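K.L.:
Sending over a structure as structure tokens; questions will come in a sec.
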Amino acid sequence: MGTTAESVAAAVRAGISRVRRLQVPELGHQPASFIARDGLLNSQEWSSAARMAVMGAAALEEVLARLAPALPPVNVEVPVLVGLPEERPGWRAADASRVVAALAAVGGGHLRPRVEPRLTGHASALEVLREAVTRVGRTARCPLVIVGGIDSYHEVQTLTWLRERKQWLEAGARTGFAPGEAAAFVAVMAAPDARRWGLVPHATVRAVATARETRLIHTNDLNLGDGLTAAVNEALAPLKGTGEMVACVHGDLNGERYRSEEWGFVALRLGAVFRDASVIRTPVSNCGEVGAATGALNLVLCAQSWQRRYASGPRALLWGSSEAGLRAAALLERPLSGSGEGAKP
């Protein structure tokens, strides 16, 4: 799939997939099921925290290595806001300390990561993007915030739990996904600071919003998509009355009926602003279900589509839905596409 933002985006665009049908001997004699693994990690390692620590450190190191030459040679702490999975079998809040320690140890020259984890699942990276937008440019010493997400379902307890809930894509499951793993990070800066340091932005953030859903997945409540509709509607506010359309939608559809229905309600209510609300870009078919890494990976893929000039339009909506109810949406725009400079990150 690739080891850099560019190579991963190119692999996704080319339709290359790491999803395979495999047996997991650690789960006993079970039929082969669809799963997606990072081929560079130890195939015998079934600790999601250990895998997340390695993937996260590698992704963060890539970002810091690209930033370090442009920023002043002064030792500064860089806030790193990272989305992690919600608690589940095989992953508890205490496990996050191992991932945080690995990220904090990444050598970025004079840039020292100050890691702030958020265990809020699928929507977490977009949630921390919203926080980052309010924080960038506050100090001259550190004009940036790094935003990311990390997840891995490759833990025996987690896979057993997914199988019991029939979320794993295998024989007997009407809907489900291929458990995957990923890590991604992006740097967020105010436009004037980016220009000052000679950095070329790959995307502009116009708005980010969050909301809460009370009718949750895996309950008997009727899903009407109210929380996601609220988040998307707020994120789209800058477009109201302008006639501008959203050409691309990046979401976290993964084969589960709940998520498809949820977006369906959003499309029915707000579809007029989209060129085609039925076309959703998702990394699931290439990378498997990557949970809390989904939002950050979508940020990378969206930005790369503009950088490589194969995007279908100058504006994109990104959204995510966490199982515990967090909903988040972000309106992004191709840089210098006419929205104005200002202090937008």
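K.L.:
Any idea which of Ala329, Ala296, Ala267 is modelled with pLDDT of 95 or more, farther than 27 Å from Leu60 by Cα, touching a Phe, Trp or Tyr at 6+ places or on another chain (Cβ under 8 Å) and of a type in the set (A, V, I, L, M)?
P.N.:
The unique qualifying residue is Ala267.
K.L.:
State which residue is nearest to Pro192 (Cα to Cα) when the search covers only segment 143-178 and only residues that are surrounded by 24 or more Cβ atoms within 10 Å (Cβ to Cβ) and acidic (Asp, Glu).
P.N.:
Top of the filtered list is Asp151.
K.L.:
Among what's in segment 291-324 and is among the aromatic types (Phe, Trp, Tyr) and over 26 Å from Met52 (Cβ atoms), pick the residue that is most open to solvent (accessible area, probe 1.4 Å).
P.N.:
Looking at residues that are among the aromatic types (Phe, Trp, Tyr) and over 26 Å from Met52 (Cβ atoms), I get Tyr310.
K.L.:
Among (1) in a helix (DSSP H, G or I); (2) among the aliphatic types (A, V, I, L, M); (3) under 17 Å from the mean Cα position of the chain (by Cα), there is one condition Leu81 misses while meeting the rest; what is its number?
P.N.:
Checking Leu81 against (1) in a helix (DSSP H, G or I); (2) among the aliphatic types (A, V, I, L, M); (3) under 17 Å from the mean Cα position of the chain (by Cα), the one that fails is (1).
K.L.:
I need the full set of residues from segment 238-252 which are under 21 Å from Ala125 (Cβ atoms) and either crowded, with 17+ Cβ neighbours inside 10 Å or among the hydrophobic types (A, V, I, L, M, F, W, C) (or both), in order please.
P.N.:
Passing the criteria: Val246, Cys248, Val249, His250, Gly251, Asp252.
K.L.:
Taking the residues in segment 84-94 that are over 12 Å from the mean Cα position of the chain (by Cα) and touching a residue at least 24 places away in the same chain (Cβ under 8 Å) as candidates, determine which candidate is least open to solvent (accessible area, probe 1.4 Å).
P.N.:
It comes out as Trp91.
K.L.:
Kindly evaluate Val188 against the criterion of being buried (at least 21 other Cβ atoms within 10 Å of the Cβ), assigned to a strand (DSSP E or B) and either among the hydrophobic types (A, V, I, L, M, F, W, C) or touching a residue at least 12 places away in the same chain (Cβ under 8 Å) (or both).
P.N.:
For Val188, the condition - buried (at least 21 other Cβ atoms within 10 Å of the Cβ), assigned to a strand (DSSP E or B) and either among the hydrophobic types (A, V, I, L, M, F, W, C) or touching a residue at least 12 places away in the same chain (Cβ under 8 Å) (or both) - is met.
K.L.:
Specify the residue that is farthest from Thr134 (Cα to Cα); the eligible residues are those in segment 191-202 that are open to solvent by less than 50 Å² (accessible area, probe 1.4 Å) and of a type outside the set (Asp, Glu).
P.N.:
If we take residues in segment 191-202 being open to solvent by less than 50 Å² (accessible area, probe 1.4 Å) and of a type outside the set (Asp, Glu), then Leu199 is farthest from Thr134 (Cα to Cα).
K.L.:
May I pose another question? Hey, can you tell me all the residues within segment 274-290 that are assigned to a helix (DSSP H, G or I) and surrounded by fewer than 19 Cβ atoms within 10 Å (Cβ to Cβ)?
P.N.:
The answer is Ser285, and nothing else.
K.L.:
Would you please name the residue that is nearest to Leu126 (Cα to Cα), looking only at residues in segment 40-77 that are of a type in the set (Val, Ile, Thr) and over 20 Å from the mean Cα position of the chain (by Cα)?
P.N.:
Among those residues, the one meeting the criterion is Val76.
The values are calculated or read from the model by the stated rules, or taken from the named source; none is laboratory data. Please read these numbers as outputs of a predicted model, since none were measured by experiment. As a convention, Cβ positions derive from the backbone with ideal geometry for all residues, glycine included, and neighbour counts pool all protein chains shown. Just so you know, the surface numbers come from the protein's heavy atoms only, side chains and all, with ligands and any DNA or RNA stripped out. Shrake-Rupley method; radii C 1.70, N 1.55, O 1.52, S 1.80 Å.
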